Amino acid sequence: MPEWLRGLCVLGDATLIVAAITVATVAIGGAAAPVLIGTAVGAGVSGSVFAITQLAGQEHLISLGKVFADMAIGGITGAFGGTSLNAIGMEISGSATGFAGSIASDFVSGDSINWGMAIWSGILGGAIGYFGGAGAQNKKISDLTKYRNRIADCRRKGITNKYYTGAVKKMSSIIAASNQAIIRNVPYAFITALIDQYI
């Protein structure tokens with residue numbers, strides 16, 4: 001199997017993981033948008049940083065398979081960043097993603113698994129996850145659920161007054177704040193992606 005196809009397989013697996021994270025977040029009362037925005041930001045940053053560092057290297061070539069793999073890991077990390085996980089949850093998810101990302105990189109390269117590097121990547125991923133802080137929807141789920149239920153109750157009763165529009169605005173502002181938290185975290189994502197490439 002060519003390297004680009006192995007990378008595409010990893011990206012496909014990551015898409016399923018992101019879908020599961022999104023469904024789980026919505027199931028507990030969260031919003032899908034921050035998770036999906038986090039995924040796009042994470043995948044874009046990781047993929048572009050890897051491509052740039054490859055072009056800046058001696059061979060000036062880009063490994064498409066490895067770009068796909070980095071996009072996959074960045075996307076999963078970004079998806080977790082859009083959830084309601086606290087800092088410890090982000091540390092655990094970062095460790096798991098870093099560990100799995102190292103294994104995925106070896107798979108894409110066609111190399112045997114470097115378990116020592118996988119463990120180191122898990123430790124680094126955990127540290128990055130912890131210091132990056134809680135997920136964008138942390139401590140917002142209860143408010144989202146409250147306003148979502150209020151909106152549903154108003155619709156069921158045919159109410160479209162200030163009570164209803166106020167709930168819609170409140171819910172929209174909470175989701176917007178979560179989305180903005182992800183965007184504000186882009187510089188941190190770039191820095192940590194660079195650290196991951198060179199350590």
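The values are calculated or read from the model by the stated rules, or taken from the named source; none is laboratory data. Fair warning: this is a prediction, and the values are worked out from it, not measured in the lab. Neighbour counts run over all protein chains shown; Cβ positions are idealised from the backbone, glycine included. The protein model used for the area step is the full one, side chains on, heavy atoms only, and it has no ligands, DNA or RNA in it. Shrake-Rupley method; radii C 1.70, N 1.55, O 1.52, S 1.80 Å.
Structure above, values below:
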quantity: Flag if A24 is within 30 Å of S172 (Cβ to Cβ), modelled with pLDDT of 95 or more and over 13 Å from the mean Cα position of the chain (by Cα); calculated: yes
quantity: Selection from the stretch 78-118 of residues that are free of Cβ contacts under 8 Å to residues at least 60 places away in the same chain and among the polar types (S, T, N, Q); calculated: S84, N86, S93, S95, T97, S102, S105, S112, N114
quantity: Unmet criterion (only one of (1) out of contact with any Lys or Arg (no Cβ under 8 Å at 6 or more places or on another chain); (2) open to solvent by less than 50 Å² (accessible area, probe 1.4 Å); (3) part of a helix (DSSP H, G or I)) for M117; calculated: (2)
quantity: Residues that are over 16 Å from G38 (Cα atoms), without any contact (Cβ under 8 Å) to a residue 60 or more places away in the chain and open to solvent by less than 30 Å² (accessible area, probe 1.4 Å), drawn from the stretch 126-146; calculated: G126
quantity: Members of the stretch 99-108 that are farther than 18 Å from A40 by Cα and in contact with a helix residue (DSSP H, G or I) (Cβ under 7 Å, 6 or more places away or on another chain); calculated: F99, S102, I103, A104, S105, F107, V108
quantity: Among (1) more than 21 Å from M71 (Cα to Cα); (2) free of Cβ contacts under 8 Å to residues at least 60 places away in the same chain; (3) surrounded by 13 or more Cβ atoms within 10 Å (Cβ to Cβ), the one test that G158 misses; calculated: (3)
quantity: Of all residues making up the stretch 161-187, the number that are open to solvent by 70 Å² or more (accessible area, probe 1.4 Å) and part of a helix (DSSP H, G or I); calculated: 8
quantity: Some residue of the stretch 69-85 being closer than 28 Å to A134 by Cα and out of contact with any helix residue (DSSP H, G or I) (no Cβ under 6 Å at 6 or more places or on another chain); calculated: yes
quantity: Selection status of A33, within 26 Å of T145 (Cα to Cα), of a type in the set (G, A, S) and touching a residue at least 24 places away in the same chain (Cβ under 8 Å); calculated: yes
